[in-house]
1. May I ask you to say which residue of A:SER88, A:SER70, A:SER93, A:SER78 is in the same structural domain as A:GLY471 (by TED's automatic domain parsing), of a type in the set (Gly, Ala, Ser) and touching a His at 6+ places or on another chain (Cβ under 6 Å)?
2. Which of the residues that make up the range B:262-292 are surrounded by fewer than 21 Cβ atoms within 10 Å (Cβ to Cβ) and either under 22 Å from B:LYS172 (Cα atoms) or within 14 Å of chain A (Cβ to nearest Cβ) (or both)?
3. Name, by its number, the condition in (1) farther than 23 Å from B:VAL349 by Cβ; (2) away from chain A (no Cβ under 14 Å); (3) touching a residue at least 60 places away in the same chain (Cβ under 8 Å) that does not hold for B:LEU240.
4. Just to be sure I understand, how many residues within the range A:443-463 are closer than 23 Å to A:PHE185 by Cβ and part of a loop (DSSP other than H, G, I, E, B)?
5. Would you mind telling me which numbered condition in (1) within 13 Å of chain A (Cβ to nearest Cβ); (2) in contact with a strand residue (DSSP E or B) (Cβ under 9 Å, 6 or more places away or on another chain) B:TYR145 fails?
6. Could you identify the single residue in B:LYS232, B:LYS224 that is open to solvent by 20 Å² or more (accessible area, probe 1.4 Å), within 20 Å of the chain's Cα centre (by Cα) and in contact (Cβ under 8 Å) with a residue 12 or more places away in the chain?
7. Mind checking whether some residue in the range A:385-406 is outside any helix (DSSP H, G or I), more than 21 Å from A:SER93 (Cβ to Cβ), open to solvent by 10 Å² or more (accessible area, probe 1.4 Å) and within 10 Å of chain B (Cβ to nearest Cβ)?
8. Out of curiosity, is B:LYS378 within 21 Å of the chain's Cα centre (by Cα) and either more than 22 Å from A:GLY196 (Cβ to Cβ) or of a type outside the set (A, V, I, L, M, F, W, C) (or both)?
Number of protein chains: 2
Amino acid sequence: MSRLDFQSSNAYLDTQMIRTSTLKKLRDIVGGEHYFDSPEQKLVYSYDATPLYEQLPEAIVSPQSVEQISKILQLANSEAFAVVPRGSGSGLSGGSIPVEDCIVLLTNHWDRILEIDERNLTVTVEPGIITGQLQTEMEKIGYLYPPDPGSSSICTIGGNVAENAGGIRGLKYGVTKDYVMGFEFVLPSGEVMMIGGKNVKDVSGYNLKDLLIGSEGTLGVFTKIVLRLIPKPEHSSTLLAYFDRASDSAEAVSAITASKITAAALEFLDNTTIRCVEDYARIGLPTTIEALLLIELDGRRGEVEQDLVQVSEICRRHRASQLRIAKSAAEATQLRTARKAAFAALARVKPTTILEDATVPRSEVAPMLEQINAIASKHDLMFGNFGHAGDGNLHPTCLTNEHDKDEIHRTELAFHEIYSAALRLGGTITGEHGIGLSKRKFLEHAASRTHLELMRSVKAIFDPNMVLNPGKIFTTRPRCEGPLPISKEKLNKYLELGAYC
Amino acid sequence: MSRLDFQSSNAYLDTQMIRTSTLKKLRDIVGGEHYFDSPEQKLVYSYDATPLYEQLPEAIVSPQSVEQISKILQLANSEAFAVVPRGSGSGLSGGSIPVEDCIVLLTNHWDRILEIDERNLTVTVEPGIITGQLQTEMEKIGYLYPPDPGSSSICTIGGNVAENAGGIRGLKYGVTKDYVMGFEFVLPSGEVMMIGGKNVKDVSGYNLKDLLIGSEGTLGVFTKIVLRLIPKPEHSSTLLAYFDRASDSAEAVSAITASKITAAALEFLDNTTIRCVEDYARIGLPTTIEALLLIELDGRRGEVEQDLVQVSEICRRHRASQLRIAKSAAEATQLRTARKAAFAALARVKPTTILEDATVPRSEVAPMLEQINAIASKHDLMFGNFGHAGDGNLHPTCLTNEHDKDEIHRTELAFHEIYSAALRLGGTITGEHGIGLSKRKFLEHAASRTHLELMRSVKAIFDPNMVLNPGKIFTTRPRCEGPLPISKEKLNKYLELGAYC
């Protein structure tokens, strides 16, 4: 439900469902100054960057030690409430949105760099450090932490690990998972465990590390993370190529891949997005072209210069109407920042912005874009399209209004068709945002029954009482079906709400 | 037990425990020409490259279709026998060694390249293709499949995926997991499932793909694998650096890492290994030096030439007594092949060669080598040491004799101490070989009880009847504790054998 409908139509949600005595115990664990439950505080943590979803938590806690997190989770098991971990709340699939009977557990104040180990090329951080800040600190000493989500200026590493965040350097450098060497985390039971460490190779038993990465805060709360660094490339260049026709830009992307040049970033913006970005950032983009590509190359200076010539030639051959090469680091940063502002720029146009990440094998980017446009047109919706053309990870973005029920309904239909199209093209319903709340239904279409059952069983072995971020990734049966007692009235409310069914 | 003790002391193992009627059904599934159960055939599949372990299977099947694999596993569930999948049998932790009441399921005849997709930079293969053959085929068309285990000339991709094989390019290019985009596999239940595909980014639910990779044939049988390729580097150079003192070579490795040059390979051989390799391959290595480093650099020609100068300078500064740069591709291949022959070369010295892969953070390579030498000397054992110095993945190799019970006992003690030392240094008991049969006990020391319990539970949700490669990774309770009936006599035999306890 939307934030605005919330207070009127769902008054019962204000009913406190976690016992007062339990909340008191929570407060005792973290201390009064780290416990929040005023209506204003609850409202602040009732939503994240995902549109259309919202729920009030019953309290918010800001634990000061691993032991406190452990005690909170033990209490959650014994007194039957849910714990929703939250970093910056910048996720786009609802991973940190409260669920029924829950408290929000903040980790964004755990934001220190604990150790830089140059002999092993690792950095150990707390989960709350901002990704962009970590990148900046590492670049100062000659290293690159490559994963670079669009939200890097606000998102946390803990959230990145929980969602296996992608970003614009995925093509050449991979995603978050490729840089996480190990972590300390608290299991839903409250037990603290370390998995992995500083070993480049480790095959000691099942790979639970990569199972935890991208588990969307449902299997554990990260408290310390060991990340891999790489030497910072000596040089980089940024090129914008303007195309009068979007299909030419898609062909240029294919030709660059075929030329065996691996760009650090190969980003696509369509006309709607270009116009919004220009209106927002005023960097001199032509607003009549159908598409632009932002191409970043990095490596040794000679190599980058050589690749830049070749990539420019490929773009010209595919009818780029103009090429713009950043003349300075400042200009490169400006172009890059403008691309990263695409979401914010689109969001200014209409009250509600639904940003998705249907992803296809990179060979299918052009057909996918065609289908998105056809679907938008069929449902009379305004879409901006941008994304990581180099790795097939697109962001069809619907500019809509959550108060226009008919338009929201058409939006839902359109996204359903977009996901179906992605799956038909061998793609996936989410490349980097995760399932969270917003794609649970689609996951049920995309994955086989057995596949889903295996995933649910994994959740059950980590979290038999469903205390940690329940109802995310897949719909969860009400916890009443577990070992915990529940009143009939409460069960009816669960079912009525539909949050768990 | 050793192969030679086998027939005398464990005569009961010849007792057929899978019912004749069941074996007949198996034969009917695959056809008479793909079913084998003569004593000679059973003996051939009773061991793999792991020393000291052996068990006769009751039959060997060579399925001709995914459907047949599915039917075999369904039968295994309904008639209570174990299925041990096997590629080339080149594993070093006993992953493909038969267990009680088992049949061996061969996949090494499924060896085709099914599709090369240059637009998505993927190759789809059957599990039985030989890794080295795939590499050669890809290099012919300008691509590199980087994972390069020492056994690449004989191992299969299916086995590499099952073990998450590492190899000499791990430092720069990662391990098998980093190149597996998806696969079709048969679950222990017999159900066929596809996970992943050609999407560079995919966060659609829990990451079961990476859980399956390295699961040592215990969670599924791979039938089709989609691998990621990268453009083949333009140029490569190979350098040998000889060091009179091993400690100087370790310092050189640290200095190369600190210089921010990422070598494609950075291999270490100690004096024992050098002497064995020289005796075996006759490539003119000096047999008096304490250590050599084999360093491979690749990339653009200019970059490689520049790095070669810098790496040479670092080696000289760390008292390398001589540098030898391969003057031709043929000489580079010769040097590389000699390094890869280290295991074979050492194996000629004494009847039994136990090759291990204790792995430490790369900063701890020098202390680890010191400890290995001290432990070898304490137990009066002959060790050769070689391995991937660049990524901390060492191969302490004991040259021994399985018939000398006292020496084998001392070997066991020594390896126990080596693993303990690796763990104390922040390392792992296995960098690339897996747990299999040979490290189950050590895994119990290395992992916490909860960690082990989570792994066991993962096995249980995939394979509740324990039909697929049971008793690997962790000791398994006899299947009698599951839903299947077992005679008391049979249970006693299980326990006596110790295979499951």
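1. Working: A:SER88 fails: touching a His at 6+ places or on another chain (Cβ under 6 Å); A:SER70 fails: touching a His at 6+ places or on another chain (Cβ under 6 Å); A:SER78 fails: touching a His at 6+ places or on another chain (Cβ under 6 Å).
After ruling out the rest, the residue left standing is A:SER93.
2. Result: B:THR262, single match.
3. Condition (1) is where B:LEU240 drops out.
4. Residues of the range A:443-463 that are closer than 23 Å to A:PHE185 by Cβ, as a first pass: A:454-463.
Those left that are additionally part of a loop (DSSP other than H, G, I, E, B): A:463.
Here the count works out to 1.
5. (1)
6. Values: B:LYS232 fails: within 20 Å of the chain's Cα centre (by Cα).
Exactly one residue qualifies, and that residue is B:LYS224.
7. no
8. Numbers: within 21 Å of the chain's Cα centre (by Cα): no; either more than 22 Å from A:GLY196 (Cβ to Cβ) or of a type outside the set (A, V, I, L, M, F, W, C) (or both): yes.
No: the conditions fail for B:LYS378.
The values are calculated or read from the model by the stated rules, or taken from the named source; none is laboratory data. Quick caveat, the model's predicted, so the values are computed rather than measured. Using ideal geometry, Cβ is built from the backbone for each residue, glycine included, and neighbour counts are taken over all protein chains shown. Accessible surface is based on the protein model in full, side chains and every heavy atom, while ligands, DNA and RNA are left aside. Shrake-Rupley method; radii C 1.70, N 1.55, O 1.52, S 1.80 Å.
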